[in-house]
Number of protein chains: 2
Amino acid sequence: MTTQTVRPGEASRIAAPDEGISLDELRLAARNHGMPLEALRYDLTPPGLHYILVHYDIPYVATDSWRLTVDGRVDAPLELDLAALRARPRVELAVTLECAGNGRARLHPRPVSQPWLDEAVGTARWTGTPLAPLLAEAGLLDDAVDVVFTGMDHGTDRGVEQDYQRGLSVAEALGGELLLAYEMNGQPLPPQHGAPVRLVVPGWYGMASVKWLRGITVQDHRFTGFQNETAYRIKHDTDDAGVPVTGIRPRALMVPPGFPDFMTRRRIVDAGDVALYGRAWAGLATVSRVEVSVDGGRHWADADLGEQLGRYAWRSWSFDWRADTVGDVELVVRATDEHGDTQPVDQPWNTQGMANNMAQRVAASVR
Amino acid sequence: MTTQTVRPGEASRIAAPDEGISLDELRLAARNHGMPLEALRYDLTPPGLHYILVHYDIPYVATDSWRLTVDGRVDAPLELDLAALRARPRVELAVTLECAGNGRARLHPRPVSQPWLDEAVGTARWTGTPLAPLLAEAGLLDDAVDVVFTGMDHGTDRGVEQDYQRGLSVAEALGGELLLAYEMNGQPLPPQHGAPVRLVVPGWYGMASVKWLRGITVQDHRFTGFQNETAYRIKHDTDDAGVPVTGIRPRALMVPPGFPDFMTRRRIVDAGDVALYGRAWAGLATVSRVEVSVDGGRHWADADLGEQLGRYAWRSWSFDWRADTVGDVELVVRATDEHGDTQPVDQPWNTQGMANNMAQRVAASVR
């Protein structure tokens, strides 16, 4: 069993060239899971297919004794039980969540952490109560700077012991339809998605949507906890303080066509007309274009765009592929958002493999 | 992207000594997932936490057009839709399912396939109709030998194109409370667990419980399909025809105590009294003993056994650990069944890593 002692604040590891996936990475991959890409067919991802990343253990929370505190730089600290939270205004919102580390294991060299390929995504209808009115009720003091969300999952990361915590600026906390969610697709949250209550930050990578929420603390200075200052940052070398990971970058994914080989997952496709389809999303922006290449990225053609499930959720796309040549092909798909931001075909590498939206490639054999 | 051409019937690959987990294995691990071990606390595993292994793609099955055919060596072939199946006698059964490949990635050298560590298990309450009366209604002919169950998931494995199929002898098919299940924990089957109907073979490793069931064919000769004759066999070298994988061997697992380090999953435990607990199961047998070692397997002490959820489901166990020495420890747990079959502490190696029930080891640091 490989273990290593890590000093607080130490940099994450980068795998040696051609180093296989380590036992540490496999342990994470065996617990957490992506969305099998054939599940892109569902508007709303069933809970057991939605991607899940749990940093530490899934905490067991007795719903009866659960309380949410709102304190710090507020006029009137609050403590709410689940009934009180459910009695507040109720909002439903379809939100696509994606892990900030999605695509990490496709990078060379590979940042060592949860080894996602393309599949760390899912869309759910979250039901809960808006955060902003709750903060208004508590009354933010004039010196409020950051709002810190604390979960009940506890562990160490690079030597730093912590409850999972993330901070948002007051503007971010008040500005974006944030929800305190207690239902997922019309059912109480499953344990692994943050039961009984989680934060949902629409349009942001998943790390912001703190699960098993127990506390909201307003403070008069910038939050400098591990998950904001160390983990979820885009850094280009170990001395780089980096920039924070925030909104989800554009990405399109396709349902791999045909059928797979068990071990290699390579696709076998019968020659003829093949309907390619999938979903695309861009966090706080709207996807305005999806392009498909059937020759590894040399030529591109526009896909048809379908409905968007909501302002913060993916939209469908489809593309008629005339697979008339027998042999091996590489399918590629990329999205562009309304601001002209296009998914890169070459890797946007950074030391922690964060916010990497390199285009999906699907190897297939036409027969 | 690593791909390889495989000749029909070719042996599975074994990793070179110290070869890291391959991209092929990671692709499987990112799709399929185990049960996070803290979910051992639940009598019945919530669907999104129950282990799942999908050989090919999760098929999309329109419930309205789904039919189950029963044919071959029978008097009266049957075709049933879901309403007809649900109108038949209804039985609920708590069943622990475990993947036959559980533990594979802990073996040295490592058989290359879905790289499970310890976590490919789950227990659900399955609701459906018993198989035996349905076969009786169809009327098995006197020359009936095997009953073949065909799923709707399609792919290739080692060059063999197939719908997923498994055969059972007539005696096995009639003898063991087999269910055609359409509910899991009181809800319609989720897509990844075989919706709308799957077979559940209590006490057997999961490969027997064919998902997305579409056909049951009785034949007058032994079934020699890939999943019976090639994949799910215990073989000791590449020339070994092997023996079939059948009933689940004894295994105990513990909820890892304390809290984890994110990357290594190593446990940190506060010194003092620590309540260790978990579950143990033995397929068609009953677990009669669970033992815990807190020194890597040198000394063992009996755990207290709790309730068994049913004849085919796990039972709880608990053990009071006085963790009074600061430092690193290795916790080990093993089960023994009513026939005296005890989990091995050393690896029971075979070329495909099947039915490996080597005892769980948990590395922890007491502080």
When chain A is turned about an axis onto chain B, which of its residues keeps its C-beta closest to that axis, and how many Å is it? A:Gly20, 1
As I understand it, the dipole of chain A uses +1 on the Cβ of Lys and Arg and -1 on the Cβ of Asp and Glu, about the Cα centre. Which of A:Ala364, A:Tyr182, A:Ala105 lies farthest toward its positive end? A:Ala364
Helix-derived [θ] at 222 nm for the protein assembly as shown: sum -39500 (n - 2.57) over DSSP H runs of at least 4, divide by residue count, nearest 500? -2000 deg cm²/dmol
Report ³J(HN,Hα) in whole Hz for each residue of the stretch A:203-211, in order, from the Karplus equation J = 6.51 cos²θ - 1.76 cosθ + 1.60 where θ = phi - 60°; Gly and Pro get x. x, 9, 4, x, 4, 6, 8, 4, 8
Work out the mean other chain Cβ neighbour count within 10 Å for the residues of B:154-161 and drop it here as an integer. 4
Can you work out the base-10 log of I(q)/I(0) for the stretch A:251-366 at q = 0.10, 0.11, 0.14, 0.20 1/Å, using the Debye formula on its C-alpha atoms alone? -0.30, -0.37, -0.59, -1.09
Set of aspartates and glutamates with alpha-carbon distance to A:Lys211 below 13 Å, sequence-local pairs under 8 removed: A:Asp57, A:Asp153, A:Asp163, A:Glu183
Which distances in nm, rounded to one decimal and ordered from shortest, link the label point of A:Asp220 to the equivalent label points in the other identical copies, with labels set 7 Å from Cα toward Cβ? 9.1
Shielding by partners - mean other protein chain Cβ count within 10 Å, residues of B:17-27: 6
Partner chain coverage, peptide A:101-114 - average Cβ within 10 angstrom: 1
Amide H neighbours of A:His33 at under 5 Å, excluding residues fewer than 5 places away on the same chain, with H built from the backbone geometry, are A:Ile52
Taking the stretch B:317-367, the whole-percent share of alpha-carbon pairs separated by over 17 angstrom is 52
Peptides A:31-37, B:360-366, A:319-325 ordered by average Cβ neighbours within 10 Å, highest first: A:31-37, B:360-366, A:319-325
Average projected area [Cα convex hull, the stretch A:23-244], square nanometres: 12.4
Ranked by how many other beta carbons lie within 10 Å on average, peptides B:199-211, B:290-302, B:138-150 from highest: B:199-211, B:138-150, B:290-302
What percent do you get for the relative contact order of chain B when only Cα pairs under 8 Å and 6+ apart count? 18
The ratio Rg/Rh over the Cα atoms of the stretch B:115-260, Rh being the Kirkwood inverse mean 1/r radius, stands at 0.99
Which whole-Hz couplings ³J(HN,Hα) result when phi for each residue of the stretch B:251-267 is put into the Karplus expression 6.51 cos²θ - 1.76 cosθ + 1.60, θ = phi - 60°, listed in order with x for Gly and Pro? 7, 10, 10, 10, 6, x, x, x, 10, x, 7, 3, 7, 9, 6, 4, 8
Whose amide H sits under 5 Å from the amide H of A:Asp270, counting only residues 5 or more places off or on another chain, with H placed in the peptide plane? A:Arg367
I'd like the distance separating the alpha-carbon centroids of the stretch B:161-188 and the stretch B:24-95, in whole Å. 9
One would report the antiparallel percent of DSSP beta bridges in the stretch B:251-366, rounded to the nearest 5, as 90
What are the aspartates and glutamates whose alpha-carbon lies under 13 Å from the alpha-carbon of A:Lys235, with same-chain residues fewer than 8 places away excluded? none
Pairwise centroid distance, computed over Cα atoms, of the stretch B:304-367 with the stretch A:191-205, Å: 34
Cα convex hull of the protein assembly as shown - mean projected area over all directions, nm²: 31.6
Placing unit charges on C-beta atoms (Lys and Arg positive, Asp and Glu negative, everything else neutral), compute the dipole magnitude of chain B about its Cα centre in debye, rounded to 20. 520
Lys, Arg +1 and Asp, Glu -1 on Cβ, resulting dipole of the protein assembly as shown about Cα centre, debye, nearest 20: 20
Provide the packing ranking of B:87-99, A:49-61, i.e. peptides ordered by the mean count of other C-beta atoms within 10 Å per residue, highest first. A:49-61, B:87-99
Karplus-derived 3J(HN,Hα), 6.51/-1.76/1.60, for each residue of the stretch A:276-292, Hz, glycine and proline x: 8, 7, x, 9, 9, 8, 8, x, 7, 9, 10, 6, 10, 7, 10, 10, 10
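Taken together, the values in this text are just the output of simple stated rules run on the coordinates, not laboratory data. Owing to the predicted nature of the structure, the values given are computational and were not obtained by experimental measurement. All Cβ positions, glycine included, derive from the backbone under ideal geometry; neighbour counts span all protein chains shown.
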